[in-house]
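One structure is given below, encoded as structure tokens.
The values are calculated or read from the model by the stated rules, or taken from the named source; none is laboratory data. Everything numeric here is computed off the predicted structure, so don't read it as measured data. Counting neighbours? That spans all protein chains shown, and the Cβs are built from the backbone with ideal geometry, glycine included.
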Amino acid sequence: MIVTPTYNERDNLERFVEGVLRWVPEAHVLVVDDASPDGTGDVADRLAASDPRVKVMHRPGKLGIGTAYVQAFQRGLAEGYELFFEMDADLSHDPMHLPQFLKAFERGADVVIGSRNVPGGGVTGWGVGRHFLSKGGSLYSRTILGLPIRDLTSGYKAFRADVLRAIDLGAVRSEGYSFQIELTYRAIQRGFAVVEVPIHFVDRKNGQSKMSSRIFMEAITMVWKLRLERPEHQR
């Protein structure tokens with residue numbers, strides 16, 4: 001199951017779904033739309049009506065990317081899916097990388113992160129400030145949490161179902177950057193194998209970024225909350 005939360009992605013969604021299903025025809029796409037005022041939900045419904053591999057979850061308002069993923073993962077677990085992917089619908093996450101993720105799972109990975117910060121990875125279209133925010137956020141989080149992952153804030157990632165069951169999705173509290181950090185941290189705490197594969201990230205052409213100062217500040221504080229938690233084996 002490939003999950004993509006949407007809010008005002010009408011101009012991107014159809015191209016996104018076509019690209020995903022071209023590279024992994026066996027996948028199912030779940031669009032989680034937060035009542036987009038631009039009609040994204042209607043586009044999603046039309047795509048679902050024409051292809052059984054596309055499913056839609058409508059939510060009553062803008063409830064945040066973290067809760068969108070949690071609800072989608074819970075639904076997918078109940079429906080028996082074994083692999084779960086996170087992808088943005090804004091075309092910044094190129095579906096051409098999906099076969100790399102699947103190969104990493106075949107080699108034994110439990111979590112696969114599409115990394116901009118390992119050899120072969122990179123970004124197109126960001127200014128200096130956005131580079132600083134992303135790489136600085138990863139370095140800050142990596143240092144405080146003692147993790148070896150180079151791109152902790154990547155939103156292009158995938159999990160085995162066993163990982164999501166072990167994490168206890170109902171206990172996840174984060175949004176935005178910190179949601180990505182928290183899930184990876186909890187997976188590593190529980191002994192799962194986390195692997196990074198290189199991706200090339202291209203900044204969105206249509207629509208507006210969902211990044212905000214609130215999301216950034218949440219990440220700053222959340223890593224300390226995670227760091228100060230009791231280790232899993234002491235609970």
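For region 138-152, the set of residues classified as of a type outside the set (A, V, I, L, M) and either modelled with pLDDT under 70 or more than 16 Å from the chain's Cα centre (by Cα) (or both) consists of Tyr140, Ser141, Arg142, Thr143, Gly146, Pro148, listed by residue number. Of all the numbered requirements in (1) in a helix (DSSP H, G or I); (2) within 17 Å of the chain's Cα centre (by Cα), Val43 misses one, and that requirement is (2). Taking the conditions (1) in contact (Cβ under 8 Å) with a residue 40 or more places away in the chain; (2) buried (at least 20 other Cβ atoms within 10 Å of the Cβ); (3) out of contact with any strand residue (DSSP E or B) (no Cβ under 8 Å at 6 or more places or on another chain) in turn, Val43 satisfies each one other than (1). For Gly191, the requirement of being free of Cβ contacts under 8 Å to residues at least 40 places away in the same chain and either outside any helix (DSSP H, G or I) or not hydrophobic (A, V, I, L, M, F, W, C) (or both) is met. I'd like to check something: does region 186-195 contain any residue that is crowded, with 19+ Cβ neighbours inside 10 Å, within 30 Å of Arg107 (Cα to Cα), modelled with pLDDT of 90 or more and touching a Pro at 6+ places or on another chain (Cβ under 9 Å)? Looking for residues that are crowded, with 19+ Cβ neighbours inside 10 Å, within 30 Å of Arg107 (Cα to Cα), modelled with pLDDT of 90 or more and touching a Pro at 6+ places or on another chain (Cβ under 9 Å), one finds at least one in region 186-195, hence yes.
Pairing each residue of region 85-100 that is of a type in the set (Lys, Arg) with any residue that is surrounded by fewer than 24 Cβ atoms within 10 Å (Cβ to Cβ) and in a helix (DSSP H, G or I), provided the two are 6+ apart or on different chains, yields no C-beta distance under 8 Å. So Gly66 clears everything in (1) assigned to a helix (DSSP H, G or I); (2) at pLDDT 95 or above; (3) touching a helix residue (DSSP H, G or I) at 6+ places or on another chain (Cβ under 8 Å) except one condition, right? Which one? Going through (1) assigned to a helix (DSSP H, G or I); (2) at pLDDT 95 or above; (3) touching a helix residue (DSSP H, G or I) at 6+ places or on another chain (Cβ under 8 Å) one by one, Gly66 breaks only (2).
For Tyr69, the conditions (1) over 15 Å from Gln180 (Cα atoms); (2) of a type in the set (Ser, Thr, Tyr); (3) crowded, with 21+ Cβ neighbours inside 10 Å are fulfilled apart from (1). For region 90-112, a residue qualifies if it is among the hydrophobic types (A, V, I, L, M, F, W, C) and either modelled with pLDDT under 95 or closer than 17 Å to Asp162 by Cβ (or both), and the qualifying residues are Leu91, Phe101, Leu102, Ala104, Phe105, Ala109, Val111, Val112.
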